[in-house]
There are 2 protein chains.
Amino acid sequence: MNRRLTQRGRERRRQLMDYATERFAENGYHPTSVAEIVTGLGVGKGVFYWYFQSKEELFLEILREAQTDLRRAQKQAITDVDDPVRRIELGIRATMAWSAEHRDVYTLTQFAATESRFAPALRKGADIAIRDTITHVRDGIERGLLRDIEPEYIAQAMLGVTGQLVRTFLHERGAQPTEVADAAVAFILEGILVGDRTPAV
Amino acid sequence: MNRRLTQRGRERRRQLMDYATERFAENGYHPTSVAEIVTGLGVGKGVFYWYFQSKEELFLEILREAQTDLRRAQKQAITDVDDPVRRIELGIRATMAWSAEHRDVYTLTQFAATESRFAPALRKGADIAIRDTITHVRDGIERGLLRDIEPEYIAQAMLGVTGQLVRTFLHERGAQPTEVADAAVAFILEGILVGDRTPAV
DNA sequence: GCGGTTGTTGACCGCTCGGTCAAGTGCCCC
DNA sequence: GGGGCACTTGACCGAGCGGTCAACAACCGC
C-alpha cells in the first residue's frame, strides 16, 4: 500500500494507527473490528481501506514502526559510550523510558508473540536487539568486567527481567521509569546474593 | 457446567481440553473455531457444548487447571527444604521442568495475559506465586543470605528471567531443562558482574 | 475555475462464527 | 430386558465479521 499521501492523508493515517493501537491494546486484536475503529473515529469504512490493505497489514505496520522507534531510542542512548557495562545499563534505561511512553504498543508486541501469524515479524527485530546485547556482553567478558557465561543466556535473561518489570511496575502500577530501571540494573549486575565483591583489577 | 460424568464422559472432556489446548497454542485462541476443534476430533458440535458452556469457559478451564498443576509441582519441589535460597532455586527448577512438559499451556498463559477478558483469571494465580516467592526472599534477607532489596522487585525479576529462558531455550530450541535452570539460577543469584564474593558469616 | 487526483461515504456481499436444539443412540443399573 | 440418563448428531440460526465499490466531495496545481 504505497499511496501518494498529502498532508491531510498522512494525518489521517496517523490517526488510524494511533486509535487502532489503543483499541487493540485495550480489547485485543481479534475482538476489535474494523467497524469499531472507523466508527470510533467517526469516519466511513472506506477510509480504513484507503490507507491499509487489511486489518492485518495495519497491525504489522504498527509493529514495524514500534520496533524501529525503540531501536532508534536505544542506539541514541549509547552513542559515545565505550564501557560495555555502561552501554548495557543505558540500553536498559532507554528501553524502560520508551516502554513507559508506549504502553499500548508494548502490549501489542506481547500479543504478537503468541500468534504464529505475527511472531515472525517480531522475531526479526528481537533477534537484532539480542545480537546487539550479545556484542556488549562479549565485549564485557573480554575486558574482564563480566563473568564468563554464555552471552546469549545473559542477553535473554536481561531481556526477561526488563520486560517483566516494565509490565508489572511501569504499566500496571505506573511507577517511575528511572526507579524501575535502577532496580533492574542492580538485579542484573549484582544478582541477589549478599556478599561484597572484590572487583577485578 | 457441573454435569455428572461417567468414565466415558470424563475421557471425552479430557480429549476436548487437550486437543483445544494444542490448537489454541498452535493457531491462537480466536482463530481457532469450535468447528475446527470438533471436526478435528471427528465428533459433532453438540459434544463440545455438552461439556463446556462456551469456548471462553473452556479456555478459562484450561488456564485454571494449568495454574493448579504448576503450583502443585512447585509446592512438592520445596517440601522439607528449609534454606530459603535453596527453596527459590528448587522453585525455579520445578517451573522449568513443568514448562518443558507443558509447552502449549504455557503459550496460552502468555496469550491470556494480553487480553483483558482473560488477564484477571491469570492474575490470581500469578499473585499467589509472587507472594510465595516474596516470602522466601524476605526470609532470605532476614537471615542475611540475600541483599536487602525490595522483595517484590526481586520476585518479579526472577519470574521474568525464568519466563524468558523458558520461551527461548526450552520451547524454541528444545534445550535441556536442567541446563537452562542452571543458567537461570546462576544469573539470578550472582548477577553478571565479575568479582569473587566474600560470603557473609 | 477547471481537471485530476486524493480522500470519503456507507450500503452491500459472502462467509464464518459461536451457539441451539429436536431427535436419536448407547450404556448402566435395577 | 427395559427405563432412564449420559452422550451424540448435524442442520440450523442470527449476528457480525473483513472487505468491496460506485458514487461523490474536497482539495491542489495550473
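Coordinate-derived values only; no laboratory data. Model, not experiment: these values are computed from the prediction. As a convention, Cβ positions derive from the backbone with ideal geometry for all residues, glycine included, and neighbour counts pool all protein chains shown.
Going residue by residue through segment A:5-23, is there one that turns out to be closer than 30 Å to A:Ile141 by Cβ and away from DNA strand D (no atom under 15 Å from the Cβ)? Checking segment A:5-23: not a single residue is closer than 30 Å to A:Ile141 by Cβ and away from DNA strand D (no atom under 15 Å from the Cβ). Each residue in segment B:99-141 was checked for being surrounded by 20 or more Cβ atoms within 10 Å (Cβ to Cβ) and not in a helix (DSSP H, G or I), and 3 of them qualify. So which pairs qualify, if the first residue must be in segment B:1-23 and over 12 Å from B:Trp50 (Cβ atoms), the second must be of a type in the set (A, V, I, L, M, F, W, C) and within 12 Å of DNA strand C (Cβ to nearest atom), the Cβ gap must be under 8 Å, and the two must be at least 6 apart or on different chains? Short answer, once both residue conditions are applied: B:Met17/B:Leu58; B:Tyr19/B:Ile37; B:Ala20/B:Ile37; B:Ala20/B:Leu58; B:Ala20/B:Phe59; B:Arg23/B:Ile37.
In the set (1) of a type outside the set (Val, Ile, Thr); (2) crowded, with 17+ Cβ neighbours inside 10 Å; (3) touching a Pro at 6+ places or on another chain (Cβ under 9 Å); (4) over 30 Å from A:Glu142 (Cα atoms), the condition left unmet by A:His30 is number (2). Give segment A:39-57 a look and list any residue that's more than 9 Å from DNA strand D (Cβ to nearest atom) and among the aliphatic types (A, V, I, L, M), or say none. The answer is A:Leu41, A:Val43. Any residue in segment B:82-91 that is assigned to a helix (DSSP H, G or I) and either in contact with a Cys (Cβ under 7 Å, 6 or more places away or on another chain) or over 29 Å from B:Arg173 (Cα atoms) (or both)? Yes. How many residues are in a helix (DSSP H, G or I), within 11 Å of chain A (Cβ to nearest Cβ) and of a type outside the set (Ser, Thr, Tyr) if we restrict to segment B:142-154? Total satisfying the criteria: 3. Within segment B:1-24, the only residue that satisfies the criterion of being away from DNA strand C (no atom under 15 Å from the Cβ) and not in a helix (DSSP H, G or I) is B:Asn2.
Going by the conditions given, is B:Phe118 among the aromatic types (Phe, Trp, Tyr), out of contact with any helix residue (DSSP H, G or I) (no Cβ under 6 Å at 6 or more places or on another chain) and more than 20 Å from A:Phe187 (Cβ to Cβ)?
Working: among the aromatic types (Phe, Trp, Tyr): yes; out of contact with any helix residue (DSSP H, G or I) (no Cβ under 6 Å at 6 or more places or on another chain): no; more than 20 Å from A:Phe187 (Cβ to Cβ): yes.
So B:Phe118 fails the test.
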